[in-house]
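Notes to accompany the following structure.
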Amino acid sequence: MVSKVRIGIVGSRFQADCIATSVKAMPEEMEVVAVASPTKGNAEAFAQRHAIPRFYSDYREMLSDPEIEMISITAPNRLHAQMTIDAARAGKHVVCEKPLCVTLEEADAMIDACAKAGVLLMYAEELFFAPKYVKAKQMADEGAFGRIHLVKQGEKHSGPHSEWFWDVNQSGGGALMDLGCHGIAFCWWFLGKQKIKSVYAQLSTQVNAARTQGDDEAITIIEFENGAVGMVESSWNRPGGMDDSIEVFGDKGQTYADMLMGNALPTYSEVGFGYAVEKAASTKGWTYPVFEEHWNYGFPQEMRHFARCVRGKETPISDGETGRVVQEVLYAAYASAGLGRKIALPFRPRGIAKPIDLWKKPELARAAL
Ligand SMILES: NC(=O)c1ccc[n+]([C@@H]2O[C@H](COP(=O)([O-])OP(=O)(O)OC[C@H]3O[C@@H](n4cnc5c(N)ncnc54)[C@H](O)[C@@H]3O)[C@@H](O)[C@H]2O)c1
């Protein structure tokens with residue numbers, strides 16, 4: 001019998017909890033054996049909460065643990081590149097949370113480091129594993145909708161839970177970077193990973209100008225080589241809990257999938273209850289409590305796939321290249337908003353400190369054309 005893939009998690013808060021819980025849901029393939037997080041007490045508390053045997057305050061120490069085969073990076077965006085490179089050098093396979101990193105140079109360096117070390121770089125885009133969306137793609141691939149000309153994805157909530165997301169120096173951008181990266185990857189995957197011709201984006205800071213330099217509303221339009229269009233709506237201004245949905249249109253049909261509210265229990269309660277859905281501020285009145293939240297997103301299925309890739313049983317459907325495609329579209333979208341025009345791909349300006357600079361300093365975008 002082949003042993004379980006042994007995982008070390010970097011980070012101990014929101015996404016780390018999601019990954020640890022998801023790994024436990026697929027115990028036949030993998031297990032978390034260590035966690036690393038710098039804030040005193042956090043790694044230990046996390047280890048206790050999830051029954052993980054070892055904890056570290058420095059992730060580099062965890063990387064020298066010979067038992068660990070795969071690292072799951074759930075730290076802020078600005079740390080993804082260095083952590084991936086360090087993990088690759090230590091001979092560990094890497095699962096990196098979205099967005100892959102901050103700059104295109106970082107994406108290249110991460111891909112190179114993993115290739116040189118002979119380890120896998122897997123990009124954690126769970127929408128490729130969300131059961132409802134997988135079903136939509138299976139029907140599309142069967143031809144159920146004929147020739148698809150439009151794929152829409154929207155992700156909207158009331159704004160991130162941690163301060164670093166709001167600081168563009170740590171995140172690299174706003175709602176587009178944080179939520180739009182899902183929709184960009186989704187449309188690209190849904191339409192068969194074909195070449196992207198151009199990107200157009202409309203960005204604004206509608207509600208949170210006092211809190212962030214980042215965009216809190218984003219609409220991104222992606223033109224694909226075969227003429228199909230992807231449309232991605234990203235918002236940090238939707239109270240009432242997380243919303244994630246898709247629409248697919250072809251000349252022979254269409255489908256709609258609302259991942260959370262579409263699976264939820266329409267509920268009315270005058271007194272409230274413990275938990276409804278991610279980022280719902282209240283459970284009183286009408287709410288849409290979800291069940292099997294991680295499963296509906298596809299997180300356990302994603303981690304199972306990655307563990308099977310480490311064992312050579314499957315080939316990653318989301319890898320460093322996927323993350324780099326998304327990163328290039330993010331650059332193009334910010335540049336498009338800066339210049340007020342479509343940006344043709346390839347678009348790979350060098351020396352940009354963070355994607356949002358291409359919106360805030362249009363001269364950088366102009367110089368890159
Ligand atoms: N796939 C998804 O849907 C999804 C959802 C949420 C977050 N994410 C991504 O996961 C990453 C983390 O987001 P989060 O929501 O968990 O943020 P968070 O603020 O809740 O947690 C960040 C964690 O990183 C740790 N950290 C900071 N510096 C570190 C260091 N030097 N070494 C080790 N750990 C360090 C913090 O201690 C904390 O535990 C982000 O890139 C985010 O975009 C993905």
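Some points to look at:
- Restricting A307, A281 to those that are farther than 27 Å from G146 by Cα and at pLDDT below 95 reduces the list to A281.
- Residues located in the stretch 148-179, provided they are away from the ligand (no atom under 12 Å from the Cβ), farther than 28 Å from G262 by Cα and either under 17 Å from the mean Cα position of the chain (by Cα) or crowded, with 16+ Cβ neighbours inside 10 Å (or both): V168
- For S37: the one exception among (1) within 8 Å of the ligand (Cβ to nearest atom); (2) in contact with a strand residue (DSSP E or B) (Cβ under 6 Å, 6 or more places away or on another chain); (3) small (G, A, S): (2)
- Search result, residues across the stretch 40-79 that are within 10 Å of the ligand (Cβ to nearest atom) and either surrounded by 21 or more Cβ atoms within 10 Å (Cβ to Cβ) or within 14 Å of G91 (Cα to Cα) (or both): A43, F46, Y56, Y59, R60, M62, S72, I73, T74, A75, N77
Residues are listed down the side, and each one gets a yes or a no for (1) of a type in the set (A, V, I, L, M); (2) touching a strand residue (DSSP E or B) at 6+ places or on another chain (Cβ under 8 Å):
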residue: V271; (1), (2): yes, no
residue: A280; (1), (2): yes, yes
residue: T283; (1), (2): no, yes
residue: V290; (1), (2): yes, no
residue: N296; (1), (2): no, no
residue: P300; (1), (2): no, no
residue: H305; (1), (2): no, no
residue: T315; (1), (2): no, no
residue: Q327; (1), (2): no, no
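Results for (1) surrounded by fewer than 13 Cβ atoms within 10 Å (Cβ to Cβ); (2) closer than 23 Å to C114 by Cα; (3) touching a residue at least 40 places away in the same chain (Cβ under 8 Å), shown as yes or no for each residue.
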position: F273; (1), (2), (3): yes, no, no
position: G285; (1), (2), (3): yes, no, no
position: Y288; (1), (2), (3): no, no, yes
position: W295; (1), (2), (3): no, no, yes
position: G298; (1), (2), (3): no, no, yes
position: L330; (1), (2), (3): no, yes, yes
position: K342; (1), (2), (3): no, no, yes
position: F347; (1), (2), (3): no, no, yes
position: P362; (1), (2), (3): no, no, no
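- Search result, residues across the stretch 245-275 that are under 15 Å from E155 (Cβ atoms) and in contact with a Gly (Cβ under 7 Å, 6 or more places away or on another chain): S245
- Residue within the stretch 188-200 that is within 18 Å of D244 (Cβ to Cβ), modelled with pLDDT of 95 or more and surrounded by fewer than 21 Cβ atoms within 10 Å (Cβ to Cβ) present: yes
- Scanning the stretch 4-34 for residues that are in contact with a Lys or Arg (Cβ under 9 Å, 6 or more places away or on another chain) and more than 15 Å from the ligand (Cβ to nearest atom) yields V5, A25, M26, P27, E28, E29, M30, E31, V33.
- Subset of the stretch 5-39 that is farther than 28 Å from G312 by Cα and surrounded by 22 or more Cβ atoms within 10 Å (Cβ to Cβ) - its residue that is farthest from the chain's Cα centre (by Cα): S37
- Top-ranked residue of the stretch 259-271 - restricted to ones that are without any contact (Cβ under 8 Å) to a residue 60 or more places away in the chain and outside any loop (DSSP other than H, G, I, E, B), ranked as nearest to the ligand (Cβ to nearest atom): M261
- One residue stands out among those in the stretch 80-96 that are among the hydrophobic types (A, V, I, L, M, F, W, C) and within 12 Å of the ligand (Cβ to nearest atom): the one that is nearest to the chain's Cα centre (by Cα), which is C96.
- On inspection, M83 fails the criterion of being more than 20 Å from D178 (Cβ to Cβ) and either assigned by TED's automatic domain parsing to the domain that holds L120 or touching a residue at least 40 places away in the same chain (Cβ under 8 Å) (or both).
- Verdict on H182 being within 12 Å of the ligand (Cβ to nearest atom), in a loop (DSSP other than H, G, I, E, B) and in contact with a helix residue (DSSP H, G or I) (Cβ under 8 Å, 6 or more places away or on another chain): no
- Residues (buried (at least 19 other Cβ atoms within 10 Å of the Cβ) and either within 30 Å of K284 (Cβ to Cβ) or not small (G, A, S) (or both)) located in the stretch 230-239: V232, E233, S234, S235, W236
The values are calculated or read from the model by the stated rules, or taken from the named source; none is laboratory data. For clarity, every value in this text was computed on a predicted model and none was experimentally measured. With ideal geometry, Cβ positions are generated from the backbone for all residues, glycine too; neighbour counts draw on all protein chains shown.
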